[in-house]
1. Based on this model, can you work out whether A:N116 counts as within 11 Å of chain F (Cβ to nearest Cβ) and either more than 26 Å from F:N53 (Cα to Cα) or crowded, with 24+ Cβ neighbours inside 10 Å (or both)?
2. Considering every residue within region E:77-89, establish whether at least one is surrounded by fewer than 24 Cβ atoms within 10 Å (Cβ to Cβ), of a type in the set (S, T, Y) and modelled with pLDDT of 95 or more.
3. Does E:K38 meet the test of being touching a Pro at 6+ places or on another chain (Cβ under 7 Å) and surrounded by 21 or more Cβ atoms within 10 Å (Cβ to Cβ)?
4. Does D:G110 satisfy the criteria of being facing another protein chain (nearest Cβ under 7 Å), without any contact (Cβ under 8 Å) to a residue 24 or more places away in the chain and within 21 Å of C:Q129 (Cβ to Cβ)?
5. State whether one or more residues within region F:52-69 are of a type in the set (D, E) and crowded, with 19+ Cβ neighbours inside 10 Å.
6. Looking at this structure, is B:A4 of a type in the set (A, V, I, L, M, F, W, C), surrounded by fewer than 20 Cβ atoms within 10 Å (Cβ to Cβ) and modelled with pLDDT under 95?
7. Within region F:32-48, how many residues are more than 9 Å from chain A (Cβ to nearest Cβ) and either at pLDDT below 95 or farther than 9 Å from E:V124 by Cβ (or both)?
8. Given (1) more than 22 Å from B:S103 (Cα to Cα); (2) part of a helix (DSSP H, G or I), where does A:G96 come up short, assuming only one miss?
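The values are calculated or read from the model by the stated rules, or taken from the named source; none is laboratory data. Here the structure is a predicted model, which means the values were calculated and not measured. We place every Cβ from the backbone using ideal geometry, glycine too, and count neighbours over all the protein chains shown.
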6 protein chains.
Amino acid sequence: MTTARAPIEYADASPEVRAIYDDIMATRRTDWVNNMWKVLAHDPVTLARIWGNIKQVMGPGTIDPMTKELIYLAVSMTNGCRYCIASHGTAARNKGMSEAQYSELVAIIGLANETNRLATALDVPVDRQFL
Amino acid sequence: MTTARAPIEYADASPEVRAIYDDIMATRRTDWVNNMWKVLAHDPVTLARIWGNIKQVMGPGTIDPMTKELIYLAVSMTNGCRYCIASHGTAARNKGMSEAQYSELVAIIGLANETNRLATALDVPVDRQFL
Amino acid sequence: MTTARAPIEYADASPEVRAIYDDIMATRRTDWVNNMWKVLAHDPVTLARIWGNIKQVMGPGTIDPMTKELIYLAVSMTNGCRYCIASHGTAARNKGMSEAQYSELVAIIGLANETNRLATALDVPVDRQFL
Amino acid sequence: MTTARAPIEYADASPEVRAIYDDIMATRRTDWVNNMWKVLAHDPVTLARIWGNIKQVMGPGTIDPMTKELIYLAVSMTNGCRYCIASHGTAARNKGMSEAQYSELVAIIGLANETNRLATALDVPVDRQFL
Amino acid sequence: MTTARAPIEYADASPEVRAIYDDIMATRRTDWVNNMWKVLAHDPVTLARIWGNIKQVMGPGTIDPMTKELIYLAVSMTNGCRYCIASHGTAARNKGMSEAQYSELVAIIGLANETNRLATALDVPVDRQFL
Amino acid sequence: MTTARAPIEYADASPEVRAIYDDIMATRRTDWVNNMWKVLAHDPVTLARIWGNIKQVMGPGTIDPMTKELIYLAVSMTNGCRYCIASHGTAARNKGMSEAQYSELVAIIGLANETNRLATALDVPVDRQFL
């Protein structure tokens with residue numbers, strides 16, 4: 001008895017879930033579906049909702065695709081989500097992130113977490129110029 | 001008796017602190033110093049260390065300056081640091097962030113926080129392909 | 001040399017710790033004690049304090065037992081505490097949580113984390129009607 | 001120059017935003033729209049997406065409406081989102097939360113945060129029975 | 001209609017709450033009670049439980065009183081709890097924290113938050129020597 | 001393809017990285033380097049910056065070395081950083097932390113996380129005396 005749910009493979013999925021798996025693979029031009037979606041598939045309504053959100057938010061816009069993944073990684077590293085760091089780290093590399101850029105990314109995230117705590121600890125008043 | 005410390009203005013600062021204020025203004029091409037540094041100035045060793053870190057990490061590299069600020073904002077919004085959101089929000093706009101890009105940034109940060117919790121809640125196993 | 005401590009089994013426990021193990025099993029109507037308590041047993045004063053708190057807070061009140069576990073899970077998922085998600089996920093199922101309710105729970109927790117970040121990021125002013 | 005955005009009032013909203021405001025008021029049976037939506041209205045695509053998510057996730061299901069708000073509050077209090085605590089605290093009261101239930105909710109959230117840290121700090125191994 | 005509760009003053013408190021206020025003032029050798037307890041007083045059972053926990057955990061032990069407050073501050077600054085930073089910052093000063101020690105404390109907390117994120121981001125394997 | 005990076009052993013390190021490894025071992029009087037530094041070594045600039053920060057902040061000052069490690073642990077346990085708890089738990093023991101002190105530390109961190117949430121949830125106003 002556990003809260004964890006086993007991934008639902010394509011062969012075992014309902015037609016409604018398969019349609020979403022197909023859309024994920026077509027959108028991403030890959031031939032496999034990662035575990036996040038296979039675990040969400042136990043709840044097809046949420047699977048459809050989250051995939052719809054991801055497709056809209058991470059799709060074409062005014063911020064380029066690699067930068068979007070760097071932002072996603074910054075949130076995931078700050079939250080300590082191991083799965084999310086692995087999956088979006090791969091996505092960022094696929095969208096062009098170099099090793100040097102990855103090193104800089106990690107440095108910025110670490111430093112931002114440091115200065116965030118300093119600003120909070122010292123209760124720094126927000127400057128009039130920022131309001 | 002409080003943990004908050006009053007900002008130290010340029011006129012009241014020691015020569016060692018003034019030198020850092022001068023470097024901050026020269027590096028950023030502004031004629032004022034924001035409160036974060038004026039509050040850190042109670043501890044000149046930490047002021048010098050953090051400014052040195054910021055100058056190195058946020059300075060020229062392989063990620064462009066505006067993207068660096070977007071990453072910084074992603075961390076600050078996730079941590080809920082009001083001062084940091086205000087100061088780096090301003091910095092990002094000064095480095096070219098448009099209103100449309102700001103809207104997309106906020107959408108990505110919100111969604112990443114949502115999916116981070118889903119991945120954690122469901123204890124999704126890391127895919128072999130990501131390792 | 002590590003900070004982790006091995007669980008103390010019933011057979012190896014002091015009479016004072018055994019009395020708490022007995023109370024845990026009697027209160028929960030189970031015949032085993034989970035690792036959280038066996039690890040806390042290295043510090044009997046804290047073991048007694050935390051068990052006393054849990055017994056009082058999670059015991060009978062004006063919120064029904066299953067709902068209490070859903071609230072506990074919401075906090076544990078937000079904090080990313082894997083052990084707590086596993087143990088209180090089991091507790092919630094034992095108290096009647098269905099698979100459909102679990103799916104809804106996870107959806108709410110994900111969405112709440114998203115909108116929490118949006119509200120923080122955008123520094124939304126608290127409405128007069130909420131104060 | 002700031003990251004905060006002024007709420008957009010009904011009178012100043014575009015027809016597309018007004019349609020969402022109307023749906024929010026009709027769904028909630030109120031005659032006003034809270035600031036969260038008025039601030040999101042600067043980005044109508046995100047406004048429509050988040051309202052759609054909220055309507056689906058917080059709408060009728062297998063968990064009763066008041067319990068859903070208690071779960072939402074548990075996440076918001078853990079994240080320290082002041083706006084979210086105020087708005088969903090009001091929502092929970094409107095859906096029947098009594099003062100005694102509110103007191104119990106706060107007690108559970110506090111205790112869960114304590115035991116979450118104990119489990120993490122002591123690196124408690126997940127019991128075989130929970131897997 | 002709000003989730004915030006007004007502090008209950010001594011003059012308006014029940015005998016049971018007054019007894020706890022008296023114990024707080026006697027234990028701390030002060031002639032006033034801070035707002036945390038006056039707000040908790042709406043729920044006398046929780047007020048008694050939390051005060052009992054604080055009295056036990058923060059009372060005499062093997063870690064000296066000022067160090068206990070520094071640890072408390074480290075948690076509160078990391079969580080971004082403004083009230084807690086203010087109250088335990090005052091407590092730490094009353095127990096002997098100097099301005100130089102406060103500066104060092106803030107520097108450690110900032111740096112620990114930075115390196116925590118680096119360790120998480122890079123998924124550093126725990127060294128065999130630490131297990 | 002992953003975001004995780006393999007530790008760089010001394011034998012495989014560049015002269016510039018070896019110099020830092022040597023300084024770490026000399027400063028700590030050990031004959032090995034822990035994985036955190038070996039993973040950071042993929043980015044020698046960040047390795048040098050973080051080691052410089054740690055050496056300055058955790059070096060001699062007005063707070064004694066063991067207390068510094070207790071503060072570091074408080075942050076790491078609150079952030080749920082498993083690597084950091086393991087490494088600084090070992091460091092604290094090496095600097096004199098007893099089992100009884102470790103138990104007290106964990107109790108304070110747990111309780112602080114609880115009361116932090118209570119203060120935030122109840123939106124307790126900061127007392128005039130703390131400002």
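1. Numbers: within 11 Å of chain F (Cβ to nearest Cβ): no; either more than 26 Å from F:N53 (Cα to Cα) or crowded, with 24+ Cβ neighbours inside 10 Å (or both): yes.
No, not satisfied.
2. So far as region E:77-89 goes, no, none of its residues is surrounded by fewer than 24 Cβ atoms within 10 Å (Cβ to Cβ), of a type in the set (S, T, Y) and modelled with pLDDT of 95 or more.
3. Values: touching a Pro at 6+ places or on another chain (Cβ under 7 Å): yes; surrounded by 21 or more Cβ atoms within 10 Å (Cβ to Cβ): yes.
The answer is yes for E:K38.
4. Details: facing another protein chain (nearest Cβ under 7 Å): yes; without any contact (Cβ under 8 Å) to a residue 24 or more places away in the chain: yes; within 21 Å of C:Q129 (Cβ to Cβ): no.
In short, no.
5. Residues of region F:52-69 of a type in the set (D, E): F:64, F:69.
Still in the running and crowded, with 19+ Cβ neighbours inside 10 Å: F:69.
Yes, region F:52-69 contains a residue that is of a type in the set (D, E) and crowded, with 19+ Cβ neighbours inside 10 Å.
6. Values: of a type in the set (A, V, I, L, M, F, W, C): yes; surrounded by fewer than 20 Cβ atoms within 10 Å (Cβ to Cβ): yes; modelled with pLDDT under 95: yes.
Against the criterion (of a type in the set (A, V, I, L, M, F, W, C), surrounded by fewer than 20 Cβ atoms within 10 Å (Cβ to Cβ) and modelled with pLDDT under 95), B:A4 qualifies.
7. Residues in region F:32-48 being more than 9 Å from chain A (Cβ to nearest Cβ) and either at pLDDT below 95 or farther than 9 Å from E:V124 by Cβ (or both): 7 in total.
8. Of everything listed in (1) more than 22 Å from B:S103 (Cα to Cα); (2) part of a helix (DSSP H, G or I), A:G96 misses just condition (2).
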